[in-house]
Amino acid sequence: MKTEMLLKSRPKITLPKSDLVGLNKSKQITKESTKLPQPTGWRILVLPFKMGEKTKGGILMGHETLEKQQVASQCGNVLAMGPDCYRDKSRYKQGPWCKVGDWVMFARYAGSRIKIEGGEVRLLNDDEILATIKNPEDILHEY
């Protein structure tokens, strides 16, 4: 009888269901890829290749050097393509030069540079792609 009275007199603790405490339901968590600009027309969104912080010989590179190399980079990974890329059959008889996920080469100052958190992306025209490559580390990146 005393046990029953103790259980009834204690306040019941309720835990929140699956909602996080302090998080408004109106806030939505977005992926980083949805923050990137979506290319229109014949444009291609490319993420320039970023060198490692350490050389093959073990030398650590400074932040400024890495930043300069990324800006001067001539290689990048295709992130997205506009709906009209490589649609002109008279210009691209062999078909598309690249696809999403390919490593490509482009001219050093080609395209528009768009700053994002952690670096930059480039918006290129479909005819500014010079070549596709298998591994960007095979290319010497100098600024």
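The values are calculated or read from the model by the stated rules, or taken from the named source; none is laboratory data. What you are looking at is a predicted structure, and each value in this text was computed from that prediction instead of being measured. Because the Cβ atoms are built from the backbone with ideal geometry, glycine has one as well, and the counts that use them run over all protein chains shown. All accessible areas refer to the heavy atoms of the entire protein, side chains included, with ligands and DNA or RNA removed. Shrake-Rupley method; radii C 1.70, N 1.55, O 1.52, S 1.80 Å.
Determine whether residue 130 is in a strand (DSSP E or B), under 17 Å from residue 49 (Cβ atoms), open to solvent by 20 Å² or more (accessible area, probe 1.4 Å) and touching a Leu at 6+ places or on another chain (Cβ under 7 Å). Here the answer is no, as residue 130 does not meet what is asked. Of the residues making up region 94-113, those that are hydrophobic (A, V, I, L, M, F, W, C) and surrounded by 13 or more Cβ atoms within 10 Å (Cβ to Cβ) are 97, 98, 103, 104, 105, 106, 110. One residue stands out among those in region 50-88 that are in a loop (DSSP other than H, G, I, E, B) and at pLDDT 85 or above: the one that is farthest from residue 130 (Cα to Cα), which is 83. Please tell me if residue 139 is open to solvent by less than 80 Å² (accessible area, probe 1.4 Å), over 14 Å from the mean Cα position of the chain (by Cα) and modelled with pLDDT under 90. So residue 139 fits the description; yes.
Restrict the check to region 78-87 and report whether at least one residue is touching a residue at least 24 places away in the same chain (Cβ under 8 Å), under 17 Å from residue 40 (Cβ atoms) and among the acidic types (Asp, Glu). Please lay out each step first, then the result.
So the first thing to find is which residues in region 78-87 are touching a residue at least 24 places away in the same chain (Cβ under 8 Å), and the list is 78-87.
Next, only the ones that are under 17 Å from residue 40 (Cβ atoms) stay: 78-87.
From the residues that got through so far, the ones that are among the acidic types (Asp, Glu) too are 84.
The answer is yes, given that some residue of region 78-87 is touching a residue at least 24 places away in the same chain (Cβ under 8 Å), under 17 Å from residue 40 (Cβ atoms) and among the acidic types (Asp, Glu).
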